[in-house]
1. Kindly check whether there is at least one residue in the stretch A:32-47 that is in a helix (DSSP H, G or I), at pLDDT below 90 and loosely packed, with under 11 Cβ neighbours inside 10 Å.
2. Which one of these does residue B:144 not meet: (1) modelled with pLDDT of 90 or more; (2) within 11 Å of chain A (Cβ to nearest Cβ); (3) surrounded by fewer than 22 Cβ atoms within 10 Å (Cβ to Cβ)?
3. Residues that are charged (D, E, K, R), more than 18 Å from the chain's Cα centre (by Cα) and surrounded by fewer than 24 Cβ atoms within 10 Å (Cβ to Cβ): find the helices (runs of 4 or more DSSP H) completely inside the stretch A:48-155 holding 3 or more of those.
4. Take the residues in the stretch B:85-96 that are surrounded by 17 or more Cβ atoms within 10 Å (Cβ to Cβ) and within 7 Å of chain A (Cβ to nearest Cβ), then tell me which one is farthest from residue B:50 (Cα to Cα).
5. If you check every pair at least six apart or on different chains, which have Cβ atoms under 6 Å apart with a residue in the stretch A:73-87 that is within 15 Å of residue A:279 (Cα to Cα) first and a residue that is part of a helix (DSSP H, G or I) and of a type outside the set (D, E, K, R) second?
6. Given the residues A:287, A:334, A:282, which is the only one that is out of contact with any Leu (no Cβ under 8 Å at 6 or more places or on another chain) and closer than 20 Å to residue A:207 by Cα?
7. What's the number of the only condition in (1) touching a residue at least 24 places away in the same chain (Cβ under 8 Å); (2) more than 8 Å from chain A (Cβ to nearest Cβ); (3) closer than 19 Å to residue A:256 by Cα that residue B:74 fails to meet?
8. Of (1) under 17 Å from residue A:344 (Cα atoms); (2) of a type in the set (S, T, N, Q); (3) at pLDDT below 90, residue A:289 satisfies all except one. Which?
Amino acid sequence: MSFNPVANEPIGAYFSGRRTRLFSILGLSVALVAIVLLATSVGSVHIPILTTFSVLVAKLPLVDIAQTWQGTVETIVLEIRLPRVILAGLVGAALATAGATYQGLFRNPLADPYLIGVAQGASLGAVIGFLLPITWHNLGFSIIPLLAFIGALVATAVVYGLARVGKTVPVTTLILAGVALGALLGSIVSYLIISSGEKMHGIVFWLMGSFSLSQWSEVGIVLPYVATGTVVIIILARMLNVMQLDEEQAQQLGVNVERLKLILLAAATLITAASVSFVGTIGFVGIITPHAVRLIWGADHRFLLPLSVLAGAIFMILADLVARTVLAPTEIPIGVITAICGAPFFLYLLRRRKKAIF
Amino acid sequence: MRLKVVELEMQSASLGYNHRPVLQDINFKALPRELVGLIGPNGSGKSTIIKALSRVIQPLSGRILLDGKDMTKIPRQELARLVGVVPQMPLLPSAFTALEIVLMGRNPHLGLLQSESQHDWAIARQAMTKTDTHTLASRRVNELSGGEIQCLLIARVLVQETSVILLDEPTANLDIGRQVEILDLIKKLCVENNLTVLAALHDLNLAAQYCNRLLLINEGRIHAEGTPSEVITNRNVREVYGAGNCVYAHPINGLPTVLLSTSQNKSIQIL
């Protein structure tokens with residue numbers, strides 16, 4: 001079989017485009033590791049990056065490094081900073097992945113992880129937790145993340161149920177039901193905040209989001225959800241590409257549309273709910289990261305999703321680094337930083353590339 | 001490319017939306033190597049038949065059989081390896097390139113963790129060369145004309161390698177040169193690969209020239225069925241379209257040809 005060079009050229013370009021994006025995944029992974037090291041080193045007590053590196057490597061199995069650093073340094077790195085950095089990375093990755101999934105599933109560039117009630121459900125759960133008369137800390141755990149998680153899942157399940165028409169769940173109905181229920185829950189949250197008295201400050205701080213109380217136990221709880229959900233979503237990336245056509249065409253190309261919707265919604269909701277339960281509803285990362293990735297690397301979800309995982313993690317770790325260092329010892333709410341740093345960068349990308357991004 | 005030979009049959013099917021039938025008691029059979037044309041006025045239900053045959057909608061009653069097997073029992077992905085569709089004016093995501101859209105036709109052939117291989121690319125390249133869309137490969141679909149998109153969708157259905165191809169107005173956006181090119185290609189593939197092809201066509205003249213058999217649909221039923229000469233008659237055209245005495249024999253091959261002029265069309269009152 002012979003092909004003319006004109007026919008070969010664009011397909012060759014397609015090949016090299018794939019290779020470039022594979023290298024980008026590798027490059028971002030290396031960058032992520034470097035940024036974890038950087039963020040773990042910088043803080044009120046400055047630790048040289050090499051020392052941080054040694055402390056971390058010494059913890060790996062089969063590695064034997066003589067300890068040249070103080071015990072307090074090890075405590076700061078391993079017990080205070082690293083869990084916070086890892087949790088920030090996990091939450092950033094989860095929100096970016098969920099955002100990319102919702103944008104793809106709803107074929108809507110305005111979709112974010114909170115579109116179908118997760119944020120308002122989590123907020124309501126958390127606020128109820130704050131207002132309960134009992135102090136649950138005596139039990140060794142806080143009730144707030146648990147109630148936030150339950151609230152997020154229940155709210156999304158109700159939205160899904162309300163949007164159901166027979167055997168199908170039309171996405172426009174889903175979005176409308178999400179917006180309506182979100183407004184209802186949001187107003188209940190507002191009412192509860194107003195009448196919460198001296199607890200108001202704590203609630204508002206939670207709602208704005210923060211990593212200041214991060215511990216390894218939280219990483220341990222969030223990680224399984226985020227890892228499982230993200231893997232499931234990435235496996236379905238090619239199907240999500242086909243879903244970018246209308247649902248009728250997706251069916252005609254062999255996609256079980258309703259089942260795919262249910263699986264993707266469940267996975268994206270779960271990773272969002274697990275994230276917001278501990279750190280509050282951090283905005284902007286979930287909607288902007290996938291768009292930035294799309295602008296740079298294109299719309300193919302097989303690359304968009306893994307690149308969003310990495311970019312979301314990097315972005316959130318850097319944002320948290322800024323949040324805790326710029327006005328130290330005062331912490332700036334993380335949501336403020338994500339918007340202040342992220343928005344100009346995104347607008348720059350938007351101006352630079354003029355082609356269709358969605 | 002060796003494909004399974006598939007016979008398509010509708011048995012007293014009633015089709016519609018939200019429990020309201022648009023079409024009732026539809027019976028027909030489409031055989032391999034046959035190009036069957038669906039003709040009929042606007043809103044007669046041509047697209048509905050195509051939706052039912054690709055299981056986008058379920059028949060309200062009756063059965064649709066693929067090689068004697070009830071279509072509802074075939075898993076979605078397997079069905080997409082048997083039946084491919086060229087939709088009419090579909091929505092295409094503008095951020096994807098023409099090649100990416102065509103490669104989506106390989107979706108039913110790929111496992112969950114598989115990505116397109118060299119083999120799949122070769123198939124896509126071949127289909128795009130056949131449909132004259134290879135030069136568009138790296139263009140984004142929002143930069144393409146209606147006609148180019150039509151050809152791209154035909155490339156996609158070829159890449160899908162199905163035994164049955166359903167086309168919804170495949171020539172609607174094409175100039176007359178492209179209309180003939182595309183229908184020639186479809187006809188050739190149909191005969192060479194033993195495909196079963198069903199095309200909803202607006203243009204009665206093209207339908208007469210290319211189809212082995214025609215189904216004339218009107219008011220929710222099959223009004224007439226048979227060869228083009230049996231179906232496109234003065235009587236049928238008057239009954240269905242209200243346009244009288246406009247069918248002539250084609251000067252070269254004698255097939256029925258519809259020629260309209262205002263003076264001949266007695267049903268239109270010029271005020």
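The values are calculated or read from the model by the stated rules, or taken from the named source; none is laboratory data. A quick note: this is a predicted structure, and the numbers were derived from the prediction, not measured. Don't worry about glycine lacking a Cβ; one is built from the backbone with ideal geometry, like all the others, and counts go over all protein chains shown.
1. Start the filter on the stretch A:32-47 by keeping residues that are in a helix (DSSP H, G or I), which leaves A:32-41.
The next check asks that each one be at pLDDT below 90; those that pass are none.
No, the stretch A:32-47 has no match at all.
2. Only one criterion in (1) modelled with pLDDT of 90 or more; (2) within 11 Å of chain A (Cβ to nearest Cβ); (3) surrounded by fewer than 22 Cβ atoms within 10 Å (Cβ to Cβ) is unmet by residue B:144, namely (2).
3. Values: elements: A:49-58, A:71-75, A:82-105, A:118-131.
In the stretch A:48-155, there are no helices (runs of 4 or more DSSP H) which contain 3 or more residues that are charged (D, E, K, R), more than 18 Å from the chain's Cα centre (by Cα) and surrounded by fewer than 24 Cβ atoms within 10 Å (Cβ to Cβ).
4. Our first condition is that a residue be surrounded by 17 or more Cβ atoms within 10 Å (Cβ to Cβ); within the stretch B:85-96, this holds for B:85-88, B:92-93, B:95-96.
If we keep only those that are within 7 Å of chain A (Cβ to nearest Cβ) too, we end up with B:85, B:87, B:92-93, B:95-96.
Details: B:85: 8, B:87: 9, B:92: 19, B:93: 22, B:95: 28, B:96: 26 Å.
Among residues in the stretch B:85-96 that are surrounded by 17 or more Cβ atoms within 10 Å (Cβ to Cβ) and within 7 Å of chain A (Cβ to nearest Cβ), the one farthest from residue B:50 (Cα to Cα) is B:95.
5. From residues that are within 15 Å of residue A:279 (Cα to Cα), the pairs are A:83/A:216; A:83/A:219; A:85/A:36; A:85/A:39; A:85/A:40; A:85/A:317; A:86/A:219; A:87/A:219.
6. Numbers: A:287 fails: out of contact with any Leu (no Cβ under 8 Å at 6 or more places or on another chain); A:282 fails: out of contact with any Leu (no Cβ under 8 Å at 6 or more places or on another chain).
None of the others qualify; the one that does is A:334.
7. (1) is the only condition that residue B:74 fails.
8. (3)
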